[in-house]
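One structure is given here, and the rest of the page talks about it.
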Amino acid sequence: MENLDRYKLSMYNVVHKNGDINYMWNTYSGALLKLDERGQEYVRSFSGADDGSNEFKLLKDNGFIVYKELDEFFRVCMEEKQAMFNPNPEHLHLVITPGMGCNYSCECCFEKGADLTGVMTPEIANDVAEYVCTQLQNNPNIEKLQIIWFGGEPLLYVDIIELISYKIIKYVQKNNIQYAAWITTNGRYLDRNTLLKLQNVFVERAQITVDGMSDVYCRRKGASPDDFSNVIDNICYAAENSNIRVNINIVNNDANDAIEISDYLLKQCNLKGRIHVYFHQSLDYSHTPDVAQQTYLEYDESFFRWLHYMIKEYGVSEEIRFIFRKRKTTCCELVKTGSVCIGPRGELHKCFRNSGVKSMIIGDIWGHRYYNDAENKFYKTLDDSTKSECFKCEYLPFCMGGCQCFRATGFKRCDCDARKVTMLKLKLLEGGVYA
Ligand code: SF4
Ligand code: SF4
Ligand code: SF4
């Protein structure tokens, strides 16, 4: 009987009771199971042995049962390190900010307090292209380059985007490297001419932020009703007449506003099937932890009200399917050592949220790397958390400790209890269960 006691239940099984039914989610494998009474009893009294039953096979194949010797926490940590510090990555992920200026003055702009005067010159743009090509040359394993154009409002600097893009595209085409570019924009200047320019430099996705219908939009962005109608026209035209996928980011904490603008875009503007819609938390960076937690709880309640409405009205359709994200081995792409954000003066940051923040500069494109704490903060790995709450948290493989930038800068976005509930509710909804 040497196989006795060889197995254990995974520490990453999250059990949720919904009426008489139990659901079990393994946050590492991503599997979600509905447990009938027999299944519940099997889990409750699991002996640790492979008894040859179907229950054992199902639970083991889906990661709910693991080898007894397996240290699941350190497996997550090691996979994180491999992804973070891989010296020969296959993907290079860059964010480029051609200028910090913007045509709006949003009340919750993430750039508050940052230096907004930076504008990339054509000379620096040439050097940026050179820097990117050199990174590719020095890392021959890279198969795919992804660039996100960011701001300020990047479409104020479309000539700079073109200048950099054409040089990089020439290099990647010659060297058989896949290329993908996205842009985050407020959409005000995404007119037909600009759309064509973006298509020509292979921008394949535009994330456009709206806050609500015209009155809400104007109030929150310091915009005019004309701005609003121009943005909507631009979104409609781009979604219908280009191959650029349009993602709408509704930045607001009010479900009614989010529902109203979602319906307006999908029904009245007839964009169903042509855009993706996401309802994003509007953050105020001046929050104290208590206020941040309360605001998050309010947003969370609104988010699910919006999501339930969307599913009832449109089904789990293409517009919202990407809300159900898959697990990643790092909290995001930017914490990988090769990934950087390039600012308008050629300065480097680790996260786009630090654009224009002098104390968070980690070097520049001309070969100076400061190896300072601003960079080091982003490489804190999960095993730094062995004494913290994350060590024992059954949500860790999915959460990966939350955003590194928020942790690095000490900003409190939400509390863990609320975050866990959100992750679980989303997983259940993905499986068709309303919790
Ligand atoms: S559109 Fe973006 S960059 Fe411009 S003010 Fe609003 S949040 Fe800031
Ligand atoms: S940040 Fe919170 S929710 Fe995420 S793994 Fe750590 S303890 Fe769990
Ligand atoms: S804000 Fe956080 S999760 Fe987003 S890119 Fe920056 S470090 Fe990554």
note = Residue count, the stretch 207-255, condition touching a strand residue (DSSP E or B) at 6+ places or on another chain (Cβ under 7 Å) and basic (Lys, Arg), comes to 1
inquiry  = Looking at (1) crowded, with 18+ Cβ neighbours inside 10 Å; (2) under 30 Å from residue 237 (Cα atoms), which one does residue 124 not meet, given that it meets all the others?
reply    = (2)
ask   = Do we have any residue at all in the stretch 267-278 that's at pLDDT 90 or above, part of a helix (DSSP H, G or I) and over 26 Å from residue 197 (Cβ atoms)?
value = yes
Check on residue 37, surrounded by 12 or more Cβ atoms within 10 Å (Cβ to Cβ) and of a type in the set (Asp, Glu) = no
inquiry  = Among the listed residues 7, 28, 67, identify the single one that is touching a Ser or Thr at 6+ places or on another chain (Cβ under 8 Å) and among the aromatic types (Phe, Trp, Tyr).
reply    = 28
inquiry  = Just checking: which of the helices (runs of 4 or more DSSP H) contained wholly in the stretch 331-435 hold 2 or more residues that are within 18 Å of the chain's Cα centre (by Cα), within 11 Å of ligand 2 (Cβ to nearest atom) and of a type in the set (D, E, K, R)?
reply    = 416-430
note = Scanning the stretch 137-152 for residues that are over 19 Å from the mean Cα position of the chain (by Cα) and charged (D, E, K, R) gives 143
task = For residue 262, indicate whether it is exposed (fewer than 14 other Cβ atoms within 10 Å of the Cβ), assigned to a helix (DSSP H, G or I) and hydroxyl-bearing (Ser, Thr, Tyr).
result = no
key: the stretch 348-370, subset within 16 Å of ligand 3 (Cβ to nearest atom) and farther than 17 Å from residue 406 by Cβ, residue modelled with the lowest pLDDT   = 356
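The values are calculated or read from the model by the stated rules, or taken from the named source; none is laboratory data. Remember, it's a predicted structure, so these values are computed and weren't measured experimentally. Cβ coordinates were reconstructed from backbone atoms using ideal geometry, including for glycine residues, and neighbour counts include every protein chain displayed.
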